[in-house]
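One structure is given below, encoded as structure tokens.
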Amino acid sequence: MKSRRLVYEGKAKILYEGPEPGTLVQYFKDDTTAFDATKKAVLEGKGVLNNRISEYIMQRLAEIGVPTHFIRRLNMREQLIREVEIIPLEVVVRNIAAGSLAKRLGLEEGFQLPRSIIEFYYKNDSLHDPLVTEEHITAFNWATPQEMDDIIALAVRVNDFLSGLFLGIGIKLVDFKVEFGRLWENDMMRVVLADEISPDSCRLWDAKTGEKLDKDRFRRDLGGVTEAYAEVARRLGILNDQPGGERKGPVLVK
Ligand code: TMP
Ligand code: ASP
């Protein structure tokens, strides 16, 4: 294989130079980390599932007019994306109390929030991604007020759409994290959805049983991590090994 220039290596993904200017190849690793990479494992097949699940979600979001960095999937582990300047924020949207929100505010996990809540964390590993407000973000110019308006509007649309998509396949979207980037087209700049959306970056609970179908299985040593990710892919109708061998689209759960 032709050697490619590595642009960035993260905990779960690698970015390589793409075939054309302004493009990158996003490679999904099997490496899995939690708690600032103090907990690590290699979960065989996870990268393949996340590549596929993130492709599917980004495509559905593009169809409803949410701009994303995604261009197309290249193979089992790689997708072609547009090169963007990542805005250094982890944007978390929550529908049900869980994880750090439950801990911080003393809420019971599973408590239905009175409305969806958006939080911002400053992406900085050495500071452990601290929770910040729009005041910090605009004062330190991590994003402009106009960009924050776009980010919030997009995050709400992603939440509304994905909540419905997942509920249709018997899954509650408890919370998720997204990242955004700046994409320049000539002299115009747009804020677009970047990174990935997968069970690594969402909390997904089976609507009937409450079973966790996301990375909390790894964080909490529950086992069956890739099996849970595969179940999400199966319900989305994007596993190749479905009965009949056809891809059928979402499997509606009544
Ligand atoms: P939290 O409850 O730990 O703050 O996580 C909220 C959501 O964000 C959850 O769906 C997991 C996701 N997340 C990431 O994708 N990356 C991270 O570094 C963290 C802390 C959370
Ligand atoms: N904090 C991320 C997570 O738990 C991963 C990591 O920090 O290593 O999802």
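Between a residue in the stretch 26-45 that is free of Cβ contacts under 8 Å to residues at least 60 places away in the same chain and any residue that is assigned to a strand (DSSP E or B) and near ligand 2 (Cβ under 7 Å from one of its atoms), which pairs come within a Cβ distance under 9 Å, given they are 6 or more apart or on different chains?
As it stands, the answer is Lys40/Thr33; Lys40/Ala34, since those pairs meet every condition given.
For His128, only one of the following conditions fails: (1) touching a strand residue (DSSP E or B) at 6+ places or on another chain (Cβ under 7 Å); (2) within 11 Å of ligand 1 (Cβ to nearest atom). What is its number?
(1)
Out of (1) within 16 Å of ligand 2 (Cβ to nearest atom); (2) closer than 25 Å to Ala207 by Cα; (3) not hydrophobic (A, V, I, L, M, F, W, C), the odd one out for Asp31 is which?
(2)
Does Ile118 fit the bill of being open to solvent by less than 20 Å² (accessible area, probe 1.4 Å), β-branched (Val, Ile, Thr), modelled with pLDDT of 95 or more and touching a helix residue (DSSP H, G or I) at 6+ places or on another chain (Cβ under 6 Å)?
Numbers: open to solvent by less than 20 Å² (accessible area, probe 1.4 Å): no; β-branched (Val, Ile, Thr): yes; modelled with pLDDT of 95 or more: yes; touching a helix residue (DSSP H, G or I) at 6+ places or on another chain (Cβ under 6 Å): yes.
So Ile118 fails the test.
Does Ser163 satisfy the condition of being within 16 Å of ligand 2 (Cβ to nearest atom) and under 14 Å from Arg60 (Cβ atoms)? Steps first, answer last, please.
On the way: within 16 Å of ligand 2 (Cβ to nearest atom): no; under 14 Å from Arg60 (Cβ atoms): yes.
It is false that Ser163 is within 16 Å of ligand 2 (Cβ to nearest atom) and under 14 Å from Arg60 (Cβ atoms).
Of all residues in the stretch 132-173, which are over 21 Å from Thr68 (Cβ atoms) and without any contact (Cβ under 8 Å) to a residue 60 or more places away in the chain?
Val132, Thr133, Glu134, Glu135, His136, Ile137, Thr138, Ala139, Phe140, Asn141, Pro145, Leu167
Looking at Leu101, Leu113, Leu74 in this structure, which one is open to solvent by 30 Å² or more (accessible area, probe 1.4 Å) and either hydrophobic (A, V, I, L, M, F, W, C) or farther than 23 Å from Ala228 by Cβ (or both)? Break it down stepwise before answering.
Details: Leu101 fails: open to solvent by 30 Å² or more (accessible area, probe 1.4 Å); Leu113 fails: open to solvent by 30 Å² or more (accessible area, probe 1.4 Å).
Exactly one residue qualifies, and that residue is Leu74.
Kindly indicate whether Phe176 is of a type in the set (Phe, Trp, Tyr), open to solvent by 10 Å² or more (accessible area, probe 1.4 Å) and out of contact with any His (no Cβ under 9 Å at 6 or more places or on another chain).
Numbers: of a type in the set (Phe, Trp, Tyr): yes; open to solvent by 10 Å² or more (accessible area, probe 1.4 Å): no; out of contact with any His (no Cβ under 9 Å at 6 or more places or on another chain): yes.
Spelling it out, it is not the case that Phe176 is of a type in the set (Phe, Trp, Tyr), open to solvent by 10 Å² or more (accessible area, probe 1.4 Å) and out of contact with any His (no Cβ under 9 Å at 6 or more places or on another chain).
For the condition aromatic (Phe, Trp, Tyr) and open to solvent by 60 Å² or more (accessible area, probe 1.4 Å), what is the one hit in Trp142, Trp184? Spell out the reasoning first.
Working: Trp142 fails: open to solvent by 60 Å² or more (accessible area, probe 1.4 Å).
From the options Trp142, Trp184, the qualifying one is Trp184.
If the Cβ limit is 7 Å and pairs must be 6+ apart or interchain, which residue in the stretch 104-129 that is without any contact (Cβ under 8 Å) to a residue 24 or more places away in the chain pairs with which residue that is assigned to a loop (DSSP other than H, G, I, E, B) and not basic (Lys, Arg)?
Close Cβ pairs satisfying both conditions: Leu107/Ala97; Glu108/Ala97; Glu109/Ala97; Glu109/Ala98; Phe111/Ala97; Leu113/Ala97.
Mind listing whichever residues of the stretch 187-219 are at positive phi and surrounded by 20 or more Cβ atoms within 10 Å (Cβ to Cβ)? Let's see the steps before the verdict.
Here is the first cut: in the stretch 187-219, the residues at positive phi are 195, 210.
If the condition is that a residue be at positive phi and surrounded by 20 or more Cβ atoms within 10 Å (Cβ to Cβ), then Asp195 is the only one that fits.
Ile117 passes all but one of (1) out of contact with any Gly (no Cβ under 7 Å at 6 or more places or on another chain); (2) closer than 22 Å to Ile238 by Cβ; (3) outside any loop (DSSP other than H, G, I, E, B); (4) within 16 Å of ligand 1 (Cβ to nearest atom); which number fails?
(2)
Of all residues in the stretch 177-220, count the ones that are over 14 Å from the mean Cα position of the chain (by Cα) and closer than 23 Å to Pro21 by Cβ.
Residues in the stretch 177-220 being over 14 Å from the mean Cα position of the chain (by Cα) and closer than 23 Å to Pro21 by Cβ: 10 in total.
Out of the strands (runs of 3 or more DSSP E) lying entirely within the stretch 159-233, which hold 3 or more residues that are of a type in the set (Lys, Arg)? Explain how you work it out, then say what you get.
Values: elements: 171-185, 188-194, 202-206.
Passing ranges, in order: 171-185.
Mind telling me which of the residues Arg219, Arg190 ends up being away from ligand 1 (no atom under 16 Å from the Cβ), among the basic types (Lys, Arg) and farther than 22 Å from Val251 by Cα?
On the way: Arg219 fails: away from ligand 1 (no atom under 16 Å from the Cβ).
After applying the criteria, what remains is Arg190.
The values are calculated or read from the model by the stated rules, or taken from the named source; none is laboratory data. None of the values given here were measured: they were computed from a predicted structure. Note that we place each Cβ from the backbone using ideal geometry, even for glycine, and neighbour counts take in every protein chain shown. Quick note on the areas: whole protein, heavy atoms, side chains included, nothing else; ligands and nucleic acids left out. Shrake-Rupley method; radii C 1.70, N 1.55, O 1.52, S 1.80 Å.
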